[in-house]
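The values are calculated or read from the model by the stated rules, or taken from the named source; none is laboratory data. Remember, predicted model here, so these are calculated numbers, not experimental data. Glycine gets a Cβ as well: all are built from the backbone with ideal geometry, and neighbour counts include every protein chain shown.
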Amino acid sequence: MVNPLGKHTHPYIPNSLPEIKREMMREMGIKSINELYADIPEKYRLKKLLNLPDALSEFEVKTHVESLLSKNKTCSDMPVFLGAGCWPHYVPAAVKEIVQRSELLTSYTPYQPEISHGMLQALFEYQSMICELTGMEVANCSMYDWASALGEAARMASRLTRRSEILIPKIIHPERAATLHVYDEPAGLSVKQIAYNSETGQISLEDLRSKISDKTAAVYIENPSYLGFIETQVYEISKEIHEHGALFIVGVDPTSLGILKPPGEYDADIVVGEAQSLGNSMNFGGPLLGIFACRDDLKLIRQMPGRIIGMTTTLDGSRQGFCMALQTREQHIRREKATSNICSNEALCAVAAAVYMSLLGPEGLRELGETIMYKANYAIHLLSKINGVKTPVFKSAHFKEFTVNFDGTDLSVKKVHEKLLQCGIHDGKDVSKEFPELGKTALYCVTEIHSEEDIERLAATLEEILIGR
Amino acid sequence: MEGENGMFKQAKWNEPLIFKLGRKGRKGHILPKVEDEVKRAVGDVNALIPENMRRISQLRLPELSEVEVTRHFMRLSQMNYGVDSGLYPLGSCTMKYNPKINEFLANLPTIGMLHPYQNESTVQGILEILYRLERWLTEITGTYEICLQPAAGAHGEFLGTLLMRAYHKLNGECKKRNEVIVPDSAHGTNPASAAMAGFNAVVVPSDENGCVDLEALKAAVSERTAGLMLTNPNTLGIFEENIEEIAKIVHETGGLLYYDGANLNPILGKARPGDMGFDIVHINIHKTFSTPHGGGGPGAGPVGVSEELTKFLPVPRIVFDGERYRLDYDRPYSIGKIRSFYGNVAVLLKAYAYILSLGGEGLKEVAEVSVLNANYLMKKLKEIEGLTLPYISEKPRKHECVFSAKPLKNETGVSALNIAKRLLDYGLHAPTIYFPLIVDEALMIEPTETFEKEELDRFVEAMRKICEEAYTNPEAILQAPHNTSVSRLDEVKASHPRTMALSWRMYLKKNGQNL
């Protein structure tokens, strides 16, 4: 073969050395590797070479990819105030180091627990910490992301209640709502949206009461909500749901849970969420890390999707150990009757989250929540002083994200965005089309990585764009 | 058996659960400070939180220094086995070497610090990479368009079965076509994915050659058939020679043909699913395209489709107008979304670098050597007493071969499971066992192209010794493994309602230490 080294072997393929091939073929009694392909019908044998670029040396690959990536402008090049389900946070160096340990990085799903003990323990620790954070007792070792976790949670609720209606808030990420629909439509589920109080953004309890019934499998709320405010009527909502025999599903951003009440304490049955924010880079939106947790109730546990690591002992009882538990729920055993088809998940991202939570500890997570809330509210404080800008749109407490409305200005959100970008600042997400009733509105996100200076620069630049023209 | 001369010995730290480590007040990370002006302007941040929503209960996480955290996870990593440790011949998992340059590139801040909703003008580099990768993958699979969004193979399968659904729905046949056919040798994900998309799974048996039984297939198809999910080469490592006839049978009844890409590795550059008549193809990036499995993920499971099905793919699609790359959401027939954003981009970037490192010739070499290695192992293992190779044993396999340890079990009591556990003692990972379901005491072995002959020989030698040992001293094997971090685990206990502990919190509760 031709390869960048000009020799007849490739660094990733040790047996590509012709003399080794000959040696192996001699032992096998064949003359050509093509004999091993003789059973592929002639008409399907590819006669041409794949139309791909010529192979490059490692240095060339590196230069090429680096130069393509350098066309991007990132959060390090400019302050970026985007969130909406993927958030800019700092990833400590120790997290990056540990998830690059090749024994973890290059291992498969721990089907042989005795030789995969390290991964199993790390994943068990992840599950345990997610339980502490959410106030639940059981967590699986990850789903693909928040959106697909929600889709699975709704299906699980439907299996448990044998009901088929799911109620979700009107204020929800459209991609999450779309994913929920795609996951649940084939199972015969229907989704209805609950209106919100136009002043506070909070769930309209009236509308919830009018829509909930004995057909309702589950009611889903998010806290903090998609638009960043804290939903406070959780006890009323929870009571309403449980009186109707439905399940209560709560979606969370775990960075809030050092300071906000965990859903387990307001009787959530299932908690989903996005844990990319715990020690994982944004990576243009993937991989993410879907949280999935539930109460310690065997009925619920047996319907959970995904892999769960359990604590056990060695057969001789001499030592604590870990292995995959409740595999009879899963596709490789139950096939079409499995609770889900998921097998590969986001395990290494879960390890990153475990390392992150271990580094921060209880104090660090509380401080993280406070820091984010300080900075986001500082941005609200400064932006709301600008003439024509209204922020936040809703009279509620906001955690990390908040709405900024430009109805009082003659610029559209898009125009504001373009002008800010010209000044080297990336504003929030335009949500005008998602919520036309909110007018010209964008969703901004501020985290611990935004400095006072970044926020002040945003406010000053915005003021200049809107007023100083 | 412990400490047998010259044998592998895995690290055996007595590493407690992290909750038992540390001291109150220790800290592993210092966050950026909140500036005085920010504090002054905002006031007491906790007062901003409505009282009933403040966390009051103590967050019970461990309190550790960075030193202790690093050491803890370092020790855990040493009690784990990866592809970098040695042969990992899990059948259908394609555990190949994960090139280091790919990891380096995927960890650059120029991808890590990119937000998915950034203005398109600021993300042209990554869009170009993804767009090109799509083109390359269509070329490799012989499909028309590729969707990079699925996060894993099973996620790709789910998307594939949803596409079947959308296709039949548009033809007004969704209600009628409610069956998806899967061979009895199929991966468990196939029937599970079909069920998730609302189909009934109909199983067709394999014939005496280990391939789809054509007569049974003819009998199974009907106007209710939505499609057939097929792995080719199949899970026995055998190429479905009758693929043309199979495609014809399925297409003539109006069904679609789905290609499970778990076994794509051995036909890279040699044959293409699209050319064989497959309408939907998923690819396991973390198998065929060398990205690491990370102990279970993240992977990526792109899906390729024929021209007719492109309009159903999830939004957004990456488009190129000759000058700029754009994300196009305007697709009226799209099924919508199966996840947030655009896919596991950091994983996909590694596949991009991998394809560049090999080129067309290199990928063909990957396929050929993976097949050479599998058949070499097969030839050697056939000579071992106690093992048999079910289904025409003279026929070449592709990337994997499936042996049965049934004779050994009957004669010595040593099962496939026992062999697997004993292999661990040699510092080798076990093959996939008890799958496919059509082989008793199955050992499903896939060496991939990235292990050298010497390592393959070491595996053969270990298998030979184990089988010999089974006849002479079965006890040693029945007690295995001896050299791993922990000995055999009680998997029943882990799932028994009385002893089940799925979190530290649950463990404490069960043991009377309520919070």
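Identify, by number, the condition in (1) in contact with a helix residue (DSSP H, G or I) (Cβ under 8 Å, 6 or more places away or on another chain); (2) facing chain B (nearest Cβ under 7 Å); (3) part of a loop (DSSP other than H, G, I, E, B) that A:LEU82 doesn't meet.
Going through the list (1) in contact with a helix residue (DSSP H, G or I) (Cβ under 8 Å, 6 or more places away or on another chain); (2) facing chain B (nearest Cβ under 7 Å); (3) part of a loop (DSSP other than H, G, I, E, B), A:LEU82 breaks only (1).
Could you identify the single residue in B:ALA186, B:ALA194 that is modelled with pLDDT under 95, facing chain A (nearest Cβ under 10 Å) and within 30 Å of A:CYS323 (Cα to Cα)?
Working: B:ALA194 fails: modelled with pLDDT under 95.
Checking each option against the conditions leaves just B:ALA186.
Looking at B:SER92, B:SER85, B:SER57, which one is outside the structural domain of B:PRO266 (by TED's automatic domain parsing), within 30 Å of B:LYS453 (Cβ to Cβ), hydroxyl-bearing (Ser, Thr, Tyr) and surrounded by fewer than 21 Cβ atoms within 10 Å (Cβ to Cβ)?
Working: B:SER92 fails: surrounded by fewer than 21 Cβ atoms within 10 Å (Cβ to Cβ); B:SER57 fails: within 30 Å of B:LYS453 (Cβ to Cβ).
That would be B:SER85, the only listed residue that is outside the structural domain of B:PRO266 (by TED's automatic domain parsing), within 30 Å of B:LYS453 (Cβ to Cβ), hydroxyl-bearing (Ser, Thr, Tyr) and surrounded by fewer than 21 Cβ atoms within 10 Å (Cβ to Cβ).
So, of the residues in the stretch A:112-136 that are touching a Ser or Thr at 6+ places or on another chain (Cβ under 7 Å) and closer than 19 Å to B:HIS286 by Cβ, which turns out to be farthest from the other protein chains (Cβ to nearest Cβ)?
So the first thing to find is which residues in the stretch A:112-136 are touching a Ser or Thr at 6+ places or on another chain (Cβ under 7 Å), and the list is A:114-119, A:127-128, A:131.
Next cut, closer than 19 Å to B:HIS286 by Cβ only: A:116, A:119.
Details: A:SER116: 6, A:MET119: 4 Å.
Among those that are touching a Ser or Thr at 6+ places or on another chain (Cβ under 7 Å) and closer than 19 Å to B:HIS286 by Cβ, it is A:SER116.
Condition first: modelled with pLDDT of 95 or more, touching a Lys or Arg at 6+ places or on another chain (Cβ under 7 Å) and within 7 Å of chain B (Cβ to nearest Cβ). Now tell me which residues in the stretch A:316-350 satisfy that.
Matches in the stretch A:316-350: A:ASN345 only.
Condition first: at the interface with chain B (Cβ under 7 Å from one of its Cβ atoms), of a type in the set (Val, Ile, Thr) and either farther than 30 Å from A:LEU462 by Cβ or touching a strand residue (DSSP E or B) at 6+ places or on another chain (Cβ under 6 Å) (or both). Now tell me which residues in the stretch A:46-79 satisfy that.
Within the stretch A:46-79, A:VAL61, A:VAL65 meet the criteria.
With respect to B:TYR342, is the statement that it is surrounded by 18 or more Cβ atoms within 10 Å (Cβ to Cβ), at the interface with chain A (Cβ under 7 Å from one of its Cβ atoms) and farther than 26 Å from B:ASN232 by Cα true? Steps first, answer last, please.
Details: surrounded by 18 or more Cβ atoms within 10 Å (Cβ to Cβ): yes; at the interface with chain A (Cβ under 7 Å from one of its Cβ atoms): yes; farther than 26 Å from B:ASN232 by Cα: yes.
Yes, satisfied.
Can you name the residue in the stretch A:272-300 that is more than 7 Å from every other protein chain (Cβ to nearest Cβ) and either surrounded by fewer than 23 Cβ atoms within 10 Å (Cβ to Cβ) or more than 29 Å from B:PRO302 (Cα to Cα) (or both) and is also nearest to the chain's Cα centre (by Cα) among such residues?
Within the stretch A:272-300, the first condition is being more than 7 Å from every other protein chain (Cβ to nearest Cβ), and the residues that meet it are A:272-280, A:289-295, A:297, A:299-300.
Cutting the leftovers down to either surrounded by fewer than 23 Cβ atoms within 10 Å (Cβ to Cβ) or more than 29 Å from B:PRO302 (Cα to Cα) (or both) gives us A:294-295, A:297, A:299-300.
Values: A:CYS294: 18, A:ARG295: 21, A:ASP297: 25, A:LYS299: 26, A:LEU300: 22 Å.
Per the criteria, the residue is A:CYS294.
Name the single residue that is surrounded by the most Cβ atoms within 10 Å (Cβ to Cβ) among those in the stretch A:358-398 being within 8 Å of chain B (Cβ to nearest Cβ) and of a type in the set (S, T, N, Q).
For the stretch A:358-398, the residue satisfying everything is A:SER358.
Could you pull out every one of the strands (runs of 3 or more DSSP E) wholly within the stretch A:268-332 that has 3 or more residues that are closer than 20 Å to A:TRP146 by Cα?
On the way: elements: A:270-274, A:290-294, A:308-313, A:320-325.
So the answer is A:270-274, A:290-294.
Which residue, of A:LEU160, A:LEU104, A:LEU180, is at the interface with another protein chain (Cβ under 7 Å from one of its Cβ atoms) and modelled with pLDDT of 95 or more? First the steps, then the outcome.
Values: A:LEU160 fails: at the interface with another protein chain (Cβ under 7 Å from one of its Cβ atoms); A:LEU180 fails: at the interface with another protein chain (Cβ under 7 Å from one of its Cβ atoms).
Going through A:LEU160, A:LEU104, A:LEU180 in turn, just one is at the interface with another protein chain (Cβ under 7 Å from one of its Cβ atoms) and modelled with pLDDT of 95 or more: A:LEU104.
If you take the residues of the stretch B:341-373 that are touching a Ser or Thr at 6+ places or on another chain (Cβ under 7 Å) and among the hydroxyl-bearing types (Ser, Thr, Tyr), which of them is farthest from B:LEU456 (Cα to Cα)?
Residue satisfying both the conditions and the ranking: B:TYR354.
Each row is one residue, and each column tells you yes or no for (1) over 37 Å from the mean Cα position of the chain (by Cα); (2) buried (at least 17 other Cβ atoms within 10 Å of the Cβ).
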{"residue": "A:PRO14", "(1), (2)": "yes, yes"}
{"residue": "A:ALA38", "(1), (2)": "yes, no"}
{"residue": "A:LYS48", "(1), (2)": "yes, no"}
{"residue": "A:PHE59", "(1), (2)": "no, no"}
{"residue": "A:PRO79", "(1), (2)": "no, yes"}
{"residue": "A:ALA84", "(1), (2)": "no, yes"}
{"residue": "A:TRP87", "(1), (2)": "no, yes"}
{"residue": "A:LEU104", "(1), (2)": "no, yes"}
{"residue": "A:ILE115", "(1), (2)": "no, yes"}
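Keeping to the stretch B:103-122, report how many residues are in contact (Cβ under 8 Å) with a residue 40 or more places away in the chain, within 7 Å of another protein chain (Cβ to nearest Cβ) and either more than 27 Å from the chain's Cα centre (by Cα) or under 13 Å from B:ALA351 (Cβ atoms) (or both).
Matching residues across the stretch B:103-122 total 2.
Checking the condition at the interface with another protein chain (Cβ under 7 Å from one of its Cβ atoms) and over 28 Å from B:LEU59 (Cβ atoms), which residue from B:ARG488, B:ARG498 passes? Quick ask: steps written out before the conclusion?
On the way: B:ARG498 fails: at the interface with another protein chain (Cβ under 7 Å from one of its Cβ atoms).
Only one candidate passes the filter, namely B:ARG488.
What strands (runs of 3 or more DSSP E) completely inside the stretch B:262-328 contain at least 1 residues that are of a type in the set (Ser, Thr, Tyr), in contact with a helix residue (DSSP H, G or I) (Cβ under 7 Å, 6 or more places away or on another chain) and more than 9 Å from every other protein chain (Cβ to nearest Cβ)? Explain how you work it out, then say what you get.
Working: elements: B:280-282, B:303-305, B:317-320, B:325-328.
Of the strands (runs of 3 or more DSSP E) lying wholly inside the stretch B:262-328, those with at least 1 residues that are of a type in the set (Ser, Thr, Tyr), in contact with a helix residue (DSSP H, G or I) (Cβ under 7 Å, 6 or more places away or on another chain) and more than 9 Å from every other protein chain (Cβ to nearest Cβ) span B:325-328.
All but one of (1) farther than 30 Å from B:ILE433 by Cα; (2) at the interface with another protein chain (Cβ under 7 Å from one of its Cβ atoms); (3) touching a residue at least 24 places away in the same chain (Cβ under 8 Å); (4) among the β-branched types (Val, Ile, Thr) hold for A:THR109; state the number of the condition that does not hold.
(1)
Taking the stretch B:160-174 as the search range and keeping residues that are touching a helix residue (DSSP H, G or I) at 6+ places or on another chain (Cβ under 9 Å) and within 12 Å of chain A (Cβ to nearest Cβ), which one is nearest to B:ILE280 (Cα to Cα)?
B:GLY160
Among the residues of the stretch A:287-302, are any over 30 Å from A:GLN100 (Cα atoms), at pLDDT 95 or above, of a type in the set (A, V, I, L, M) and touching a strand residue (DSSP E or B) at 6+ places or on another chain (Cβ under 7 Å)?
Taking every residue of the stretch A:287-302 in turn, at least one turns out to be over 30 Å from A:GLN100 (Cα atoms), at pLDDT 95 or above, of a type in the set (A, V, I, L, M) and touching a strand residue (DSSP E or B) at 6+ places or on another chain (Cβ under 7 Å).
Take the stretch A:378-405 and flag every residue that is in contact (Cβ under 8 Å) with a residue 40 or more places away in the chain, assigned to a loop (DSSP other than H, G, I, E, B) and farther than 12 Å from A:LEU458 by Cβ.
Result: A:LYS385, A:ASN387, A:GLY388, A:PRO392, A:VAL393, A:PHE394, A:LYS395, A:SER396, A:ALA397, A:PHE399, A:LYS400.
Given the conditions (1) at the interface with another protein chain (Cβ under 7 Å from one of its Cβ atoms); (2) over 22 Å from B:SER340 (Cβ atoms), which single one is not true for B:ARG135?
(1)
Could you check, for the stretch A:417-439, whether at least one of its residues is of a type in the set (S, T, N, Q), farther than 30 Å from A:MET119 by Cα and surrounded by 24 or more Cβ atoms within 10 Å (Cβ to Cβ)?
Just the residues of the stretch A:417-439 that are of a type in the set (S, T, N, Q), to begin with: A:422, A:432.
Cutting the leftovers down to farther than 30 Å from A:MET119 by Cα gives us A:422, A:432.
Filter once more, keeping what is surrounded by 24 or more Cβ atoms within 10 Å (Cβ to Cβ): none.
No: the stretch A:417-439 contains no residue that is of a type in the set (S, T, N, Q), farther than 30 Å from A:MET119 by Cα and surrounded by 24 or more Cβ atoms within 10 Å (Cβ to Cβ).
Any idea which of B:GLU63, B:GLU68 is of a type in the set (Asp, Glu), out of contact with any helix residue (DSSP H, G or I) (no Cβ under 8 Å at 6 or more places or on another chain), outside the structural domain of B:VAL305 (by TED's automatic domain parsing) and within 30 Å of B:GLU15 (Cα to Cα)?
B:GLU68 is the lone residue from the list that is of a type in the set (Asp, Glu), out of contact with any helix residue (DSSP H, G or I) (no Cβ under 8 Å at 6 or more places or on another chain), outside the structural domain of B:VAL305 (by TED's automatic domain parsing) and within 30 Å of B:GLU15 (Cα to Cα).
In the list B:ARG60, B:ARG40, B:ARG54, B:ARG23, which residue meets the criterion of being among the basic types (Lys, Arg), over 30 Å from B:ARG488 (Cβ atoms) and touching a Lys or Arg at 6+ places or on another chain (Cβ under 7 Å)? Quick ask: steps written out before the conclusion?
Working: B:ARG60 fails: touching a Lys or Arg at 6+ places or on another chain (Cβ under 7 Å); B:ARG40 fails: touching a Lys or Arg at 6+ places or on another chain (Cβ under 7 Å); B:ARG23 fails: touching a Lys or Arg at 6+ places or on another chain (Cβ under 7 Å).
Exactly one residue qualifies, and that residue is B:ARG54.
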